[in-house]
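This report concerns only the one structure given below.
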Amino acid sequence: MGIVVMKFGGTSVGSVERIRNVAARVIRERELGHHVVVVVSAMGKTTDHLVELAEEISSSPSKREMDMLLSTGEQVSMSLLAMALETQGYPAVSMTGWQAELQTEKVHRNARIVSLKGEKIKARLDDGNIVVAAGFQGITEDGEITTLGRGGSDTTAVAIAAAIGAERCDIYTDVDGVYTSDPRYVEGARKLQSIEYDEMLELANLGAGVLHPRAVEYAKNYKIPLTVRSSMSDEEGTVIEEVTSMESNLIVRGVAFESDVVRLTISYEKAFNGSLALIFTTLAKHNIDVDIIVQSIVDGTRPTVSFTIKKESLSEAIQVLEERKAELGFHVADFEVGLAKVSIVGSGMVSNPGVAAQMFDRLRQEDVPVKMVSTSEIKVSVVVPQDRMIAAANALHDEFQLSELEVEV
Ligand SMILES: Nc1ncnc2c1ncn2[C@@H]1O[C@H](COP(=O)(O)OP(=O)(O)O)[C@@H](O)[C@H]1O
Ligand SMILES: N[C@@H](CC(=O)OP(=O)(O)O)C(=O)O
């Protein structure tokens, strides 16, 4: 019997009715002759509500206690789903991250998985159970509960699939696949039949919330066939794979965007050689993710470096940098909030110069000011005012004709 991992997100387990619907889908898969491991997220907006509760109690709750709180959400949905399966006559057992031995690094709120042996899950499957595992949570070597970052249940699912040698991992969500851009905000967004791991990884990293970036990273590394599909319909989903079967005639495959970006600008003494390294080492030590970095050195002036971080990291970033400014030889010159990042992604860009120029030209026509730019072989990102983010995404989706059907070449 092959093993299939099925992951259901918050909306898909958002009510008792939906949990019953999930149970029916799981039973269908089981009846096709598969062992099934189900990974669930917390019901509906539970995680958001838990965050709000914490914010009512404290303006800066400790990350450890946040993990204790947020990990409870998945425990509710996993046990309810196991009960729903049992009432239908299917033996089921729910497992927390600790019980599944999903070990993470000692980082709260955004931990990476360091090991998952899979034996505990396999033993339960071998006993004839459907296993329902809690997404999003893990345990450190010394027994502390951690979480994998918002949207991290996708990563739990792929990590389990890799650990137990599953034949595939299906992500069931509230859209029927990966679209050229977020269909909630971009007119004409079109569902993709398939997309390459690398393109999906860029889209996910650049804000396409449909998949957690690390899930894509693990799926690529462990060669796990990954599909995104709807939990509400039987529509075929989008397959994420090494090389898409259809050679796209489009240079750009998707547009992603991310709000709540903050730009920090730091100026430092030229004589102080190590400043640049020290600034970013200090931030890394505090697990503050830095995104776009632009450094400029103009003769006769103090060098400055600008970089972007997420809004939620701003106060911590300023605090840790200010604490060390004398010793590190720099000062925080400025910061700007209310920014967003809009990106175009496509592996065809590598052999097509002029894509960035076309992007900037369209943004100019739309009167969208570009504040920072970052490029890689398969993406171009721009930082723009947040209130222009959706307009910019729609304009770029239109500019690169992403609504149009792809033609095999
Ligand atoms: N390129 C994209 N394709 C499809 N959905 C996207 C894309 N970018 C963002 N999304 C958003 O991702 C949502 C699904 O992710 P999420 O809300 O985290 O679901 P779940 O709770 O099932 O994990 C969709 O409703 C959609 O608005
Ligand atoms: N419940 C967590 C983890 C998760 O993955 O959720 P979802 O699959 O609903 O995006 C969150 O809201 O971040």
**OP:** Report, please, the projected area of region 127-210 averaged over directions, based on the convex hull of its C-alpha atoms, in nm².
**Re:** 7.7
Original post:
What is the distance, in nm, between label points placed 7 Å from the Cα along the Cα-to-Cβ direction at residue 333 and at residue 62?
Top reply: 3.8
Subject >> Cα-based shape type of region 55-144, given that a ≥ b ≥ c are square roots of the gyration tensor eigenvalues and the cut on a/c is 1.5 >> reply: oblate
**OP:** Please identify which residues in region 188-211 have an amide N closer than 12 Å to a label point set 7 Å out from the Cα of residue 250, following the Cα→Cβ vector.
**Re:** 188-195
Original post:
Contour minus end-to-end for residue 236 and residue 187, with contour as 0.36 nm per residue of separation and end-to-end as the Cα-Cα distance?
Top reply: 15.5 nm
Original post:
With N residues in the chain, what two-decimal value do you get for its Cα radius of gyration over 2.2 N^0.38 Å?
Top reply: 1.04
Original post:
What percent does the relative contact order of the chain come to when contacts are Cα pairs within less than 8 Å and at least six residues apart?
Top reply: 14
Subject >> Zone residues, region 298-316, relative to residue 265, backbone N less than 17 Å from point 7 Å out along Cα-to-Cβ >> reply: 298-309
Original post:
With θ set to phi - 60° and the Karplus curve 6.51 cos²θ - 1.76 cosθ + 1.60, what are the ³J(HN,Hα) couplings of region 334-351 in order, to the nearest whole Hz, using x for Gly and Pro?
Top reply: 5, 9, 10, 9, x, 10, 8, 10, 10, 9, 10, 10, x, 6, x, 4, 4, 10
Original post:
Averaged over all directions, how much area does the convex hull of the C-alpha atoms of region 3-174 cover when projected, in nm²?
Top reply: 9.1
Original post:
If packing is taken as the mean number of other Cβ atoms within 10 Å per residue, what is the order of 389-396, 328-335, highest first?
Top reply: 389-396, 328-335
**OP:** Provide the percentage of antiparallel DSSP beta bridges, counting only those with both residues in region 165-253; round to the nearest 5.
**Re:** 35
Subject >> For region 3-174, share of DSSP beta bridges that run antiparallel, in % to the nearest 5 >> reply: 25
**OP:** Any of 106/325; 7/311; 45/341; 310/341 with alpha carbons more than 19 Å apart? Name them for me.
**Re:** 106/325; 7/311; 45/341
Subject >> Using alpha carbons only: equivalent-ellipsoid semi-axes of region 161-236, gyration tensor based, whole Å >> reply: 21, 15, 9
**OP:** Run through the DSSP bridge list for the chain and note the antiparallel percent, rounded to the nearest 5.
**Re:** 60
Original post:
Taking 0.36 nm per intervening residue step and subtracting the Cα-Cα distance, what contour gain separates residue 115 from residue 375 on full extension?
Top reply: 90.3 nm
Subject >> Inter-site label distance for residue 293 and residue 76 at 7 Å from Cα along Cβ, in nm >> reply: 4.1
Subject >> Per-peptide average of other Cβ atoms within 10 Å, ordering 26-38, 133-145 highest first >> reply: 133-145, 26-38
Subject >> Peptides ranked, highest mean first, by Cβ atoms within 10 Å: ranges 362-373, 257-268 >> reply: 257-268, 362-373
**OP:** Evaluate the charge dipole of the chain about its Cα centre and quote only its size in Debye, nearest 20, assuming +1 on the Cβ of each Lys and Arg and -1 on the Cβ of each Asp and Glu.
**Re:** 540
Original post:
Which of the helices in the chain meet the span-like rule: DSSP H, Cα axial reach of 20 Å or more, Kyte-Doolittle mean at least 0.5?
Top reply: 72-87
**OP:** Just subtract the alpha-carbon distance of residue 301 and residue 352 from 0.36 nm times their residue separation and send over the number in nm, one decimal.
**Re:** 14.7 nm
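Readers should treat all values here as calculations from the given coordinates under stated rules, not as data from a laboratory. All values derive from a computational prediction rather than experimental measurement. With ideal geometry, Cβ positions are generated from the backbone for all residues, glycine too; neighbour counts draw on all protein chains shown.
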